[in-house]
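Okay, structure first, notes after.
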Amino acid sequence: MDNITRRDFITTTAAAAAAVATSGPTILGAQDKAGSKAPIVGSGEHTYEAIHDWGQLPGNIKYGNTHSVVEDSHGNIYIHHTVHATSQSPDAVVVFDDKGKFVRSFGAMFRNGAHGMHLQKEGRDEFLYFCDERHGIVTKRTLKGEEVWTMGYPQESPVYEKGPGKPGLNYRPTNIAVAPNGDFWVVDGYGSYYTFHYNNKAQLQNTFGGRPAAPAAARAGGPGAQAAAAPPPAAAAAPTGANADQAPAGGAPAAGAGEGRGRGRGPQAPAPIEQMNNPHGIWLDTRDAAKPMLLVADRGTRRIVRYTLDDKPVDISEGTLAPCHFHTYKDTVVVPDLQSRVTLLDKDNKVITHLGDGAYAGRQNQLRVSTDRSAFEPGKFITPHGAWFDHAGNIFVAEWVEIGRVTKLRKVSA
């Protein structure tokens, strides 16, 4: 993108390093302990107390961008982050108990590339699935980080068979969805915008999606060239930079304000339903057990697209500005929206409410690189990137900010 990207923010100051304790835990959420009350967001049955900077982070770990959060069956909370440049520990996964006490950390191999994280119960066991967009891998691990399998570049896909680095064949996976039968889907959200469907033996079944083609006049270099949405997949320029999350410079993102340099520039015509502009998140929606669906966060086009499990597009849900991912609790879906809010959807995928007023929209590029946590106004979100309901209906939110930010939205009884 022409706007500021993650690479531009990676440098940090000596003052930030000095702020990290070298021994003992960093007690985040200290404003509550000082006597001030946590702010309240939402209303009615969707009212929450916002406990910012939740969790007792050890002094040798300093968050980078906090990208994903999940909970296991024991109530432990897992945070996936890119690791700050000044962190003594390289571990990109931090585990807390339900009270916020540090349990363990692991995942040095994900440093700088940490992105998607999914937890799946399989029989009596639980596993973590990780997407590392920097290193171009998807991997299945135990809850302690032990490797089960790892997949790299999807060269078995006809679209990608020419190999990595070719025009339009960049591969930077962002999230994964897993079905009860073991089938899974991976979205190449920062690369070439395709989605891959694998069976339970990790054999590729289908490749679908991809970037919207440019208008014919643009491809021919005619009058429409300057306003073209993007080149077709076979000619798309591979993005550059360490990571590619993009907070648009002003207000709501342009349709197509995606991630990666050269991607999603300016207003674009609506993409056909079967094509994607930055498919950032994917989730298996089993709220209707008789008719499960895939939810895809087509973030660059400001929409959520539903697919059948045989990869056919069904319909589009609007109401989000930059949807990143999903999680479900009973009939409710939570959607972290990079435009400074967290959105709740009902069983029909209609907006129930937005948690956070979006006040930081348009100012994220300045705020998300701050090394001063006091710059983050309580009760407001900056760049929500991951969200997860715990077993009690509380919501954990991970934000794309350079010093990391995890918020627990504790459900308040109506």
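The values are calculated or read from the model by the stated rules, or taken from the named source; none is laboratory data. Since the model is a prediction, treat every value here as computed from it, not as a measurement. Backbone-built Cβ (ideal geometry, glycine too); neighbour counts: all protein chains shown.
Of note:
- Residue match in segment 350-361 (condition: modelled with pLDDT of 95 or more, out of contact with any Leu (no Cβ under 8 Å at 6 or more places or on another chain) and either part of a loop (DSSP other than H, G, I, E, B) or among the β-branched types (Val, Ile, Thr) (or both)): yes
- Looking across 375, 322, 361, 387, one residue alone is in contact with a Gly (Cβ under 7 Å, 6 or more places away or on another chain) and within 29 Å of residue 113 (Cβ to Cβ). It is 361.
- Count of segment 364-390 residues which are in a loop (DSSP other than H, G, I, E, B) and under 19 Å from the mean Cα position of the chain (by Cα): 7
- Of all residues in segment 293-315, those satisfying the criterion of being farther than 16 Å from residue 176 by Cβ and surrounded by fewer than 17 Cβ atoms within 10 Å (Cβ to Cβ) are 308, 310, 312, 314, 315.
- Matching option when the condition is at pLDDT 85 or above, buried (at least 17 other Cβ atoms within 10 Å of the Cβ) and on the phi > 0 side of the Ramachandran plot, among 55, 64: 55
- Where residue 410 falls short, out of the listed (1) surrounded by fewer than 24 Cβ atoms within 10 Å (Cβ to Cβ); (2) under 24 Å from residue 83 (Cα atoms); (3) of a type in the set (D, E, K, R): (2)
- The residue list 85, 38, 50, 108 contains one member that is closer than 29 Å to residue 353 by Cα and surrounded by fewer than 22 Cβ atoms within 10 Å (Cβ to Cβ), which is 38.
- Considering segment 116-137, and only residues there that are closer than 15 Å to residue 79 by Cα and of a type in the set (A, V, I, L, M), the residue that is nearest to the chain's Cα centre (by Cα) turns out to be 117.
- In segment 391-414, the residues that are part of a loop (DSSP other than H, G, I, E, B), out of contact with any Lys or Arg (no Cβ under 8 Å at 6 or more places or on another chain) and β-branched (Val, Ile, Thr): 412
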